[in-house]
1. Scan the helices (runs of 4 or more DSSP H) fully inside region 36-110 and keep the ones with 1 or more residues being out of contact with any helix residue (DSSP H, G or I) (no Cβ under 6 Å at 6 or more places or on another chain) and within 21 Å of residue 134 (Cα to Cα).
2. Whether any residue in region 170-179 is within 22 Å of residue 76 (Cα to Cα) and touching a residue at least 24 places away in the same chain (Cβ under 8 Å) is what I want to check.
3. Tell me, please, whether a residue that is assigned to a helix (DSSP H, G or I), over 17 Å from the mean Cα position of the chain (by Cα), in contact (Cβ under 8 Å) with a residue 12 or more places away in the chain and more than 30 Å from residue 78 (Cα to Cα) can be found in region 212-223.
4. With at pLDDT 95 or above and either within 21 Å of residue 218 (Cα to Cα) or crowded, with 19+ Cβ neighbours inside 10 Å (or both) as the only criterion, which of 58, 105, 117 stands out?
């Protein structure tokens with residue numbers, strides 16, 4: 001274990017000991033916390049472990065090696081072709097769940113659903129919600145449908161999967177003016193930004209980058225969201241940590257949103273913006289003001 005941790009540290013992995021333990025637990029088929037009580041590696045186990053450590057040292061994502069990613073209360077199947085959900089996105093999902101609580105059978109839409117992390121978390125934690133997940137990538141859709149089927153088999157409320165481009169001006173035309181909660185974790189990294197090897201080499205490019213300024217998807221999504229939300233319905237959209245001013249300003253400039261607020265993540269970086277559809281359904285002259293909130 002110590003040797004594996006050194007190998008990972010030398011490769012630049014941020015949490016080498018923890019990841020060595022997670023790989024060992026995966027090989028042994030035990031929880032990480034149960035390693036101290038587990039039997040030692042057999043020769044075959046050790047061979048598998050060393051091979052996985054080598055792949056992780058080459059910066060293949062840990063989640064691709066184990067085949068799963070934890071997200072809130074779920075374990076989701078992930079692999080090549082789908083964006084690995086990040087811990088910071090749990091904040092957006094949690095915000096969405098809280099917005100749906102107390103509503104009777106809320107209609108929740110998850111745009112750029114990827115693996116289904118947000119949509120499936122909402123379906124698990126709000127069992128009376130109707131949840132619609134939208135994704136356009138054929139590879140990501142395969143993972144989304146797999147995770148949706150597995151969660152439905154486990155007893156969670158089934159979600160609806162829609163194959164569509166979130167920038168389509170006719171997106172979800174049948175839901176215009178009806179959505180209670182809309183959540184979106186779109187591609188948002190500016191093209192010029194250098195990303196970690198795990199992202200550059202393994203996350204789908206179209207799930208990471210969004211034009212020169214990172215706003216190529218968010219801009220058209222905001223306009224469509226304003227049409228999909230019912231008056232009083234709410235939006236939460238994740239963004240790059242350089243967009244803490246830009247995204248709230250886009251929401252305010254649209255004029256159809258009130259209560260625009262910026263939220264920070266656990267390390268105090270701008271992470272997602274929220275707003276509600278104006279209750280009168282109209283455009284505000286000049287757009288509403290916005291404020292900075294907390295995660």
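The values are calculated or read from the model by the stated rules, or taken from the named source; none is laboratory data. What you see is a predicted model, and the numbers here were worked out from it, not measured in a lab. Cβ sites come from the backbone with ideal geometry, for glycine too, and all protein chains shown count toward neighbours.
1. Working: elements: 43-57, 62-66, 89-100.
Of the helices (runs of 4 or more DSSP H) lying wholly inside region 36-110, those with at least 1 residues that are out of contact with any helix residue (DSSP H, G or I) (no Cβ under 6 Å at 6 or more places or on another chain) and within 21 Å of residue 134 (Cα to Cα) span 89-100.
2. So in region 170-179, the residues within 22 Å of residue 76 (Cα to Cα) come out as none.
No - not one qualifying residue is present in region 170-179.
3. Yes, region 212-223 contains a residue that is assigned to a helix (DSSP H, G or I), over 17 Å from the mean Cα position of the chain (by Cα), in contact (Cβ under 8 Å) with a residue 12 or more places away in the chain and more than 30 Å from residue 78 (Cα to Cα).
4. Values: 58 fails: either within 21 Å of residue 218 (Cα to Cα) or crowded, with 19+ Cβ neighbours inside 10 Å (or both); 105 fails: either within 21 Å of residue 218 (Cα to Cα) or crowded, with 19+ Cβ neighbours inside 10 Å (or both).
Every option except 117 fails the conditions.
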